[in-house]
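Student: Below is one structure. I have some questions about it.
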Amino acid sequence: MKNLFRVLAVGLALSVVAVACGSDEAKVEYGAGVTEDTVRVGAIADLSGAFAPLVVQIIDAQQSYWDKVNADGGIAGRQVDFVVEDNGYDVTTHLEKYELMRDPDNGVVLLSQSTGSPHTAAIAEMLVEDGLAAIPLSWYSAWPDPDFGENVFESYSNYCYESINGVEFLRDYMASEMGNDSPTLAILSFPGEYGQDGAAGAKIAAEALGIEIVHDGEATVIPGADQTPIISALVEADADMVWTTINPSGLAGIMGGAAAEGYVPLWSGNVPSFSYLLLGTALGPLFDTNYIVNSYIVTWNTDGVEGLDEMKAWMGENNPDLPVSDAYIIGWTEAMAAHQALEQAAANGDLTRAGVIAAFNEVTVDYKGLAPNQSWGGDANDTVVRETYSYDVVLADYDDGATIADGGGTGTALLRGPWVSDITKAQTYDGACFKTGG
Amino acid sequence: MRSVRGRPSLYTSYEAETRLFPTRVQQVALGVFVLVILLMPFDLPVIDQLPVIRFLDENYWLKVVNKALIFVIAALGLNLLSGLAGQISLGHAFFMGVGAYTAVLLGGPDSGRLWGYGLPIWIWLPAAGIAAALVGVLVAPAAVRVRGLYLGIATIGLVFIGLHLSRVFPEVAGPGALGRKWPRLEFRIWKEEEPFLDLTRKGKWLWFEVTQHQKTYFFLLVLVALFAVVSANLARSRTGRSWAAIRDRDIAAEIMGVPEFRAKTTAFAISSFYAGVAGALLASFSIQFNPEAWDLLLSVEFLAILLIGGMGRVSGALAGTFFVILTPHFVERFAHWMGDQAEGEGLMSGFWDGFVSIGSGDFGFVSVSQTALGFPLPVAALDEIIYGALIIAFLLFEPQGLYGMWVKVRNYWKGWPFSY
């Protein structure tokens, strides 16, 4: 009788312990942005301004990712509440929306997107004050520098390193495909931290590889202005290859204008210079034969990428009417990075804002083949991503106006990537390539 | 000396007639208004019951209000130029840019690639206004040669000149899309390390804990009060009367002896001073400002503010600014509220559910989840549609703006029950 009693008592004690251990999930420490049942993740994005068409697609992909996370059970037993605010590409509005995000009672635990370089630079100091992490939608090479953006956790590589890799790839391509062993280079870029960062990288590569720059158009292309003088100068210089750090409409105008004057070099440029939608215009065939696409990530058509297949499967089921686009991969990977940091924070038992920052500095994000794996903790020179991808344009694989349900393509085929040039590998990272001095 | 009690339209002296707030009712209303706006940023029981402004003390809204106050200063300037003097100017963004760049040149830190002298705010803020005023004086002769629509077109050119200069001088404006950091809103005597009053950090005033938004709010309130009083006084002074004559018919005014050139130059100079100060404050308030922001759209926004608020009136400029700045935020919050109602179980949730689309596949006119442009309308597009529709509606039905609407309401009740 006594033994039975003892056995029962031990059994009771054990079951109590088991129940207590079973609810470990709820024992995670939390603070601003997290409650017993929700984790609030924020994004301040350009939904109505200059970059709206692109950013809207990125946000749609992020929203889709968070829906998937919620369907799979959420984070630490909590559902993710994805809050998007519009900044209209205006710095003052960005700051106003940031007030909503930083609020200790109704704010967020991290910003999985902050659109715009000046906008993110404006909140950089406040992010440190509030202990909030943010993922920027900008690839300026200053973000890995802790003096410029300590709590800003950049995605993938940057304009500068992309240019170095890209110019070397162009040189290799010219040698192997076009039989030109010493091609000349022309550089065209916007003024500002995007254009001049890209141009800086192109110049580093040209110097290291001994390529002659016959036309230095750094900071000469003004968005929206008449490009005739640029085109004339370019045609006169007659370079074999042109590196552009501009935007799709500028690229179309300049390429078309140059071709009209009979000048058809090998064109390439940074990610924002190109848009797959250009393949649907009259310039499509020119892009097919004379343009090399660069990117930090894979594009929609790439085969054999686990993350891409997962993304297409989920979005095909849940967002079948959205048009096919390469931009979704940006949003999906941003959300992946945020998700993995949050999971790390939950595993550490600390879902406070500070805990999320610590998690970002600890975690290595596995993008499942969508982009090079990434970490942020430690010396920037060790963690900065140097790999990029180069693609050939295949017009036959471009399906104009296709939706995800149709299963169409965006017209690019992977040539090389993820790869890093020796020059990029040898670069010591000590701040941005294009320094702005303040 | 005020008007006779019970007979508000009877004035027995010139001073009484030209007083800013002649009647007892207006003076009491002003007193209440001043009390409310002074106490608004604090969480006080009575203020918290008032309908619209009860939530304005939250950080987010206070920041929006602060931005609106800066815009009020610029709107008052444009009001003097376009409303009182009748000179259509689309170059207001240019003058704001001139003020901002002067401020950053004088007040910003000097570094390798950027110019700056690091001077304190009591130098760079007035200097911003003065520099813009001087540029305004240079531009004024154009107004003597052309008028109306043609002057408007000529002033558009100013905006593009400003944008071009900002690209030619990245040492002042900062590189292309990134811009640079503006000097903070803090007060020092000279170039010391620690400011004696810092509006960008929270602190303690007397026995209150104040946030940076509340501090900035009071500073801006003082400036707005100053500029508004100067503006109202200018309107009833000799200069103001000469502007009114120019506005109505400048050739006739010249014949009557109003010096056209001097009046127009003064109008440009003073309005540009206002714009310069507002531009410097706006850039400083935004911390990092990119040069492309001083564009034509900003100039048009001020014109819209005056059209909606009522040209020629200080209260019109005030009402118009708050209306134009706050409405998009209200629309966004309202759309989110609609989304919550649609998901919830209130009385009207069925209606909201039909009106709002919550997820993909759900029918609705307005979407709170998807941001893709198209149908259903994303919230961001709703803002723009309402903004445009309001401008058209005001131009068609109430050209006097909100002030005109107020006058109509007031006259109706003045004559009640005999209003017809």
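Student: Among the residues in segment A:106-116, are any more than 12 Å from chain B (Cβ to nearest Cβ) and surrounded by fewer than 23 Cβ atoms within 10 Å (Cβ to Cβ)?
Tutor: Among the residues of segment A:106-116, not one is more than 12 Å from chain B (Cβ to nearest Cβ) and surrounded by fewer than 23 Cβ atoms within 10 Å (Cβ to Cβ), which makes the answer no.
Student: While we're on this one: Does A:Thr120 satisfy the criteria of being under 22 Å from A:Val41 (Cα atoms), assigned to a helix (DSSP H, G or I), of a type in the set (Ser, Thr, Tyr) and without any contact (Cβ under 8 Å) to a residue 12 or more places away in the chain? Break it down stepwise before answering.
Tutor: Details: under 22 Å from A:Val41 (Cα atoms): yes; assigned to a helix (DSSP H, G or I): yes; of a type in the set (Ser, Thr, Tyr): yes; without any contact (Cβ under 8 Å) to a residue 12 or more places away in the chain: no.
Criteria not met by A:Thr120.
Student: Follow-up question, since we're still on this one. Can you tell me how many residues within segment A:189-216 are within 14 Å of chain B (Cβ to nearest Cβ) and either assigned to a helix (DSSP H, G or I) or touching a Ser or Thr at 6+ places or on another chain (Cβ under 7 Å) (or both)?
Tutor: Selection size over segment A:189-216: 10.
Student: I'm trying to understand the selection: among the residues of segment B:5-44, which are over 30 Å from B:Tyr60 (Cα atoms) and assigned to a helix (DSSP H, G or I)?
Tutor: Start the filter on segment B:5-44 by keeping residues that are over 30 Å from B:Tyr60 (Cα atoms), which leaves B:5-28.
Hits for segment B:5-44 are B:Tyr14, B:Glu15, B:Ala16, B:Glu17, B:Thr18, B:Arg24, B:Val25, B:Gln26, B:Gln27, B:Val28.
Student: A further question follows. May I ask you to verify whether B:Tyr150 is out of contact with any strand residue (DSSP E or B) (no Cβ under 6 Å at 6 or more places or on another chain) and closer than 25 Å to B:Gly312 by Cα? Walk me through it before giving the result.
Tutor: Details: out of contact with any strand residue (DSSP E or B) (no Cβ under 6 Å at 6 or more places or on another chain): yes; closer than 25 Å to B:Gly312 by Cα: yes.
Judged against the criteria, B:Tyr150 is a match.
Student: Further question: Could you check, for segment B:95-111, whether at least one of its residues is in a loop (DSSP other than H, G, I, E, B), small (Gly, Ala, Ser), closer than 27 Å to B:Pro175 by Cα and within 14 Å of another protein chain (Cβ to nearest Cβ)?
Tutor: Taking segment B:95-111 and keeping what is in a loop (DSSP other than H, G, I, E, B), we get B:108-111.
Restricting the remaining residues to those that are small (Gly, Ala, Ser) gives B:108, B:111.
Filter again for closer than 27 Å to B:Pro175 by Cα, leaving B:108, B:111.
With within 14 Å of another protein chain (Cβ to nearest Cβ) added as a condition, the list becomes B:108, B:111.
Yes.
Student: Something else about it: Just for helices (runs of 4 or more DSSP H) wholly inside segment A:326-438: which have at least 3 residues that are surrounded by 16 or more Cβ atoms within 10 Å (Cβ to Cβ) and on the phi < 0 side of the Ramachandran plot? Step through it out loud before you land on a result.
Tutor: Working: elements: A:327-347, A:353-362, A:380-383, A:422-426.
In segment A:326-438, the matching helices (runs of 4 or more DSSP H) lie at A:327-347, A:353-362.
Student: Now for a separate question. Looking only at segment A:342-352, which residues are out of contact with any strand residue (DSSP E or B) (no Cβ under 7 Å at 6 or more places or on another chain) and touching a residue at least 40 places away in the same chain (Cβ under 8 Å)? Even if it seems obvious, please write down each step before you answer.
Tutor: Within segment A:342-352, the first condition is being out of contact with any strand residue (DSSP E or B) (no Cβ under 7 Å at 6 or more places or on another chain), and the residues that meet it are A:344, A:347-348.
Listed by number, the list is empty, since nothing qualifies.
Student: Right, something else. Against the condition more than 14 Å from every other protein chain (Cβ to nearest Cβ), closer than 21 Å to A:Pro191 by Cα and not β-branched (Val, Ile, Thr), how does A:Tyr156 come out, does it pass? Spell out how you get there, then give the answer.
Tutor: Numbers: more than 14 Å from every other protein chain (Cβ to nearest Cβ): yes; closer than 21 Å to A:Pro191 by Cα: no; not β-branched (Val, Ile, Thr): yes.
No, not satisfied.
Student: Tally the residues that are in a loop (DSSP other than H, G, I, E, B), closer than 19 Å to B:Pro183 by Cα and of a type outside the set (S, T, N, Q), restricting the search to segment B:197-206.
Tutor: Applying the first criterion (in a loop (DSSP other than H, G, I, E, B)) to segment B:197-206 yields B:199-202, B:206.
When the remaining residues are screened for being closer than 19 Å to B:Pro183 by Cα, the result is B:199-202.
Subset that is of a type outside the set (S, T, N, Q): B:199, B:201-202.
Within segment B:197-206, residues that are in a loop (DSSP other than H, G, I, E, B), closer than 19 Å to B:Pro183 by Cα and of a type outside the set (S, T, N, Q) number 3.
Student: So, in segment A:57-74, of the ones that are facing chain B (nearest Cβ under 8 Å) and more than 14 Å from the chain's Cα centre (by Cα), which residue ends up nearest to A:Leu127 (Cα to Cα)?
Tutor: Taking segment A:57-74 and keeping what is facing chain B (nearest Cβ under 8 Å), we get A:57, A:59-60, A:63.
When the remaining residues are screened for being more than 14 Å from the chain's Cα centre (by Cα), the result is A:60, A:63.
Numbers: A:Asp60: 25, A:Gln63: 23 Å.
Among residues in segment A:57-74 that are facing chain B (nearest Cβ under 8 Å) and more than 14 Å from the chain's Cα centre (by Cα), the one nearest to A:Leu127 (Cα to Cα) is A:Gln63.
Student: Taking the residues in segment A:90-105 that are touching a strand residue (DSSP E or B) at 6+ places or on another chain (Cβ under 7 Å) and buried (at least 22 other Cβ atoms within 10 Å of the Cβ) as candidates, determine which candidate is nearest to the other protein chains (Cβ to nearest Cβ). Can you show your working first?
Tutor: Looking only at segment A:90-105, we keep the residues that are touching a strand residue (DSSP E or B) at 6+ places or on another chain (Cβ under 7 Å), and these are A:91, A:94, A:97-98, A:100-101.
When the remaining residues are screened for being buried (at least 22 other Cβ atoms within 10 Å of the Cβ), the result is A:91, A:94, A:97-98, A:101.
Numbers: A:Val91: 5, A:His94: 9, A:Lys97: 8, A:Tyr98: 9, A:Met101: 9 Å.
The qualifying residue nearest to the other protein chains (Cβ to nearest Cβ) is A:Val91.
Student: Would you say A:Val84 is assigned to a strand (DSSP E or B) and at pLDDT 90 or above?
Tutor: Details: assigned to a strand (DSSP E or B): yes; at pLDDT 90 or above: yes.
So A:Val84 passes the test.
Student: Determine which member of the set B:Glu194, B:Glu209 is of a type outside the set (Val, Ile, Thr) and in a strand (DSSP E or B).
Tutor: Values: B:Glu194 fails: in a strand (DSSP E or B).
Testing whether each residue is of a type outside the set (Val, Ile, Thr) and in a strand (DSSP E or B) leaves just B:Glu209.
Student: Within the group A:Ile58, A:Ile44, which residue is buried (at least 24 other Cβ atoms within 10 Å of the Cβ) and either free of Cβ contacts under 8 Å to residues at least 24 places away in the same chain or in contact with a His (Cβ under 8 Å, 6 or more places away or on another chain) (or both)?
Tutor: Details: A:Ile58 fails: either free of Cβ contacts under 8 Å to residues at least 24 places away in the same chain or in contact with a His (Cβ under 8 Å, 6 or more places away or on another chain) (or both).
When all the criteria are applied, what remains is A:Ile44.
Student: Under the condition of being surrounded by fewer than 16 Cβ atoms within 10 Å (Cβ to Cβ) and either touching a Gly at 6+ places or on another chain (Cβ under 8 Å) or away from chain A (no Cβ under 12 Å) (or both), which residue from segment B:169-196 is nearest to B:Asn290 (Cα to Cα)?
Tutor: By that ranking, first place goes to B:Phe187.
Student: Assess whether A:Thr35 counts as being hydroxyl-bearing (Ser, Thr, Tyr), modelled with pLDDT under 95 and more than 25 Å from B:Ser367 (Cα to Cα). Break it down stepwise before answering.
Tutor: Numbers: hydroxyl-bearing (Ser, Thr, Tyr): yes; modelled with pLDDT under 95: yes; more than 25 Å from B:Ser367 (Cα to Cα): yes.
So A:Thr35 fits the description; yes.
Student: Then there is this: What is the residue count in segment A:96-117 for residues that are under 14 Å from A:Asp46 (Cβ atoms) and among the β-branched types (Val, Ile, Thr)?
Tutor: Matching residues across segment A:96-117 total 1.
Student: So B:Pro120 passes all but one of these: (1) within 14 Å of another protein chain (Cβ to nearest Cβ); (2) farther than 23 Å from B:Phe71 by Cβ; (3) touching a strand residue (DSSP E or B) at 6+ places or on another chain (Cβ under 8 Å). Which condition number does it fail?
Tutor: Just one mismatch for B:Pro120, condition (1).
Student: Tell me the residue from B:Val144, B:Val139, B:Val135 that is away from chain A (no Cβ under 14 Å), farther than 26 Å from B:Ala293 by Cβ and not in a loop (DSSP other than H, G, I, E, B), please. Step through it out loud before you land on a result.
Tutor: Numbers: B:Val139 fails: farther than 26 Å from B:Ala293 by Cβ; B:Val135 fails: farther than 26 Å from B:Ala293 by Cβ.
That would be B:Val144, the only listed residue that is away from chain A (no Cβ under 14 Å), farther than 26 Å from B:Ala293 by Cβ and not in a loop (DSSP other than H, G, I, E, B).
Student: Next question. Among A:Glu129, A:Glu125, which is the only one that is under 21 Å from A:Ala432 (Cβ atoms), charged (D, E, K, R), surrounded by fewer than 22 Cβ atoms within 10 Å (Cβ to Cβ) and over 18 Å from the mean Cα position of the chain (by Cα)? Break it down into steps so the answer makes sense when it comes.
Tutor: Numbers: A:Glu129 fails: under 21 Å from A:Ala432 (Cβ atoms).
Only one candidate qualifies: A:Glu125.
Student: For the condition of a type in the set (S, T, N, Q), surrounded by 24 or more Cβ atoms within 10 Å (Cβ to Cβ), in contact with a Phe, Trp or Tyr (Cβ under 9 Å, 6 or more places away or on another chain) and part of a loop (DSSP other than H, G, I, E, B), what is the one hit in A:Ser157, A:Ser163? Working first, answer last.
Tutor: Numbers: A:Ser163 fails: part of a loop (DSSP other than H, G, I, E, B).
Exactly one of A:Ser157, A:Ser163 is of a type in the set (S, T, N, Q), surrounded by 24 or more Cβ atoms within 10 Å (Cβ to Cβ), in contact with a Phe, Trp or Tyr (Cβ under 9 Å, 6 or more places away or on another chain) and part of a loop (DSSP other than H, G, I, E, B), namely A:Ser157.
The values are calculated or read from the model by the stated rules, or taken from the named source; none is laboratory data. The structure presented is a predicted model; accordingly, all values stated were derived computationally and were not measured. Here Cβ is always computed from backbone atoms with ideal geometry, including for glycine, and neighbour counts include all displayed protein chains.
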